[in-house]
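Contents: one structure, followed by commentary.
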Amino acid sequence: MVKINKITPLDKWNLGVSSKKPLIIAGPCSAESEEQILNTAIELQRGGIEIFRAGIWKPRTRPNCFEGVGAIGLPWLETVKKETGLLVSTEVANVKHLEQVLKHDIDLIWIGARTTANPFAIQEIADALEGCDIPVFVKNPVNPDIELWIGAIERLSQAGIKRIGAIHRGFSSYGNSKFRNIPQWQIPIELRQRIKELPILCDPSHITGNKNLIHEVSQAAMDLNFNGLIIESHINPKKALSDAQQQLTPFELIHLIDSLILRDIISSDTEFKTVLNELRHQIDVLDDKLFDILEERIKIAEQIGHYKKNNNITILQSDRWNSILENAIIKGNSKNLSEDFISKIFKAIHQESINKQTNIMNK
Ligand code: PEP
Ligand code: MN
């Protein structure tokens, strides 16, 4: 059970922004100078953006990089607000940051991925937020652990914060990938199922780490009913002191937002519903067949388990398993099913067979 007090749905946040969908937060990775953020903000505001972001303290993976300008950047954000009318937001990673932020006229804060991964830090921030009414977005932890993400949201909710949202920024992994942080969309989808009213934004900048992939990930987020996007934009990305490769110019960002296709979540069209129901029925029938086949396959694996036990043979037969997996990938390929998908399914089936055979062996 998720222990969350009532969360205010996004359309009732009273931020003073128009109710245009989706909610867009845009601005540079880092505030570098007053001039840089103001020039970026002016162009974003001209393009219709209503909420500005800029990191003041930057949690960098390696030392000796630009780690943010620190608290001197907070009055710059106030200047942006005064000059452009934009709402302003920044990241807090600890109670010291929060105390500084609350002394300035900052409209919204977010908790970064490395902070969400640390329950001590989150609890301290939650305690310090008690009695405040500021909206807080919680980024997913760097590791793909939905309980940790929900735990952070619970801690803030229990401190009385009502305007809580989540930001999906992808998950760290070892080795090469097209993405800087793998999206693993099933995790934010599960979060939506578990906390129904929670607004969820997508951060395609930190997912991709590459300005050329931001459109495709933003569109995917829109097609998965995310409530909005937080995207990095810098007046001169090439000169950015952090995350230069993923920042768009304000012009590029506005063009990208305008080109997103926004589809309806539901349709009242009866023909659409009839066709969809028919197709879903076909899926249900196939799912039932899948269950029958899995049941049959596991029963045979159990027979093999008994047979191996009676003959005093070990469960794992590496050669046999390697050849099953190899053949499955080749067959999957010929049926337009990706290697990743087939190998995940077959590994899961194999693991279940091993579990059943282990039970039989040790009975
Ligand atoms: C950021 O939004 O600037 C940031 C540091 O992101 P994350 O916490 O997702 O790495
Ligand atoms: Mn960044």
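Every number in this text was worked out from the coordinates using simple rules, so none of it is lab data. Remember, it's a predicted structure, so these values are computed and weren't measured experimentally. Positions of Cβ are generated from backbone atoms using ideal geometry, with glycine treated the same way; all protein chains shown enter the neighbour counts.
Tabulated values for the structure
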| item | result |
| --- | --- |
| Proximal charge balance of Trp76 [Cβ under 11 Å; K/R count +1, D/E count -1] | -3 |
| Separation of alpha-carbon centers, the range 21-37 and the range 224-278, rounded to whole Å | 17 |
| Cα long-axis angle, helix 34-46 against the chain (0 to 90 degrees, to the nearest 10) | 70 |
| Folded to 0 to 90 degrees: helix 119-129 orientation relative to the chain principal axis, Cα | 40 |
| Within the range 247-330, trypsin sites (Lys or Arg not before Pro) in DSSP loop having at most 15 other beta-carbon neighbours inside 10 Å | Arg263 |
| Net charge contributed by nearby residues that have their C-beta within less than 15 Å of Ile235 (K/R +1, D/E -1) | -3 |
| Mean Cα-pair separation over length for the range 201-290, i.e. relative contact order, pairs under 8 Å, 6 or more apart, % | 27 |
| The range 270-361: relative contact order as a whole-number percent, Cα under 8 Å and 6+ apart | 39 |
| Descending semi-axes in whole angstrom, ellipsoid equivalent of the range 10-259, from the Cα gyration tensor | 23, 21, 19 |
| Where trypsin sites (Lys or Arg not before Pro) fall in DSSP loop in the range 99-156, at most 15 other Cβ within 10 Å | Lys103 |
| Tilt relative to the chain, helix 250-259 - C-alpha long axis, 0 to 90 degrees, to 10 | 50 |
| Global size of the range 277-363 as Cα Rg and Dmax, reported in angstrom | 15.5, 52 |
| Residue list for the range 267-306, given a label point 7 angstrom along the Cα-to-Cβ vector of Asn362 and an amide N cut-off under 19 Å | 302-306 |
| Loop chymotrypsin sites (Phe, Trp or Tyr not before Pro), the range 174-269, which have at most 12 other Cβ atoms in a 10 Å radius of their Cβ (DSSP) | Tyr174 |
| Unit charges at the beta carbon, dipole of the chain: most positive-side option, Ile134, Ser173, Asn312 | Asn312 |
| The range 10-259, relative contact order in percent, only Cα pairs under 8 angstrom and at least six apart counted | 19 |
| Set of lysines with alpha-carbon distance to Lys12 below 19 Å, sequence-local pairs under 8 removed | Lys20, Lys21, Lys162, Lys196 |
| Lys/Arg +1, Asp/Glu -1 at C-beta; the range 1-90 dipole; positive extreme among Ile42, Val80, Val17 | Val17 |
| Value of D in µm² per second that Stokes-Einstein yields for the range 19-168, Kirkwood Rh from Cα pairs, at 25 °C (0.890 mPa s) | 157 |
| Potential lengthening between Asp340 and Val95 on full extension [0.36 nm per residue; Cα-Cα distance subtracted] | 84.0 nm |
| Computed [θ] at 222 nm, helices only, for the chain once each DSSP H run of length n ≥ 4 contributes -39500 (n - 2.57) | -15500 deg cm²/dmol |
| Efficiency of FRET from Cβ geometry, Glu130 and Val2, R₀ 22 Å, rounded to 0.05 | 0.60 |
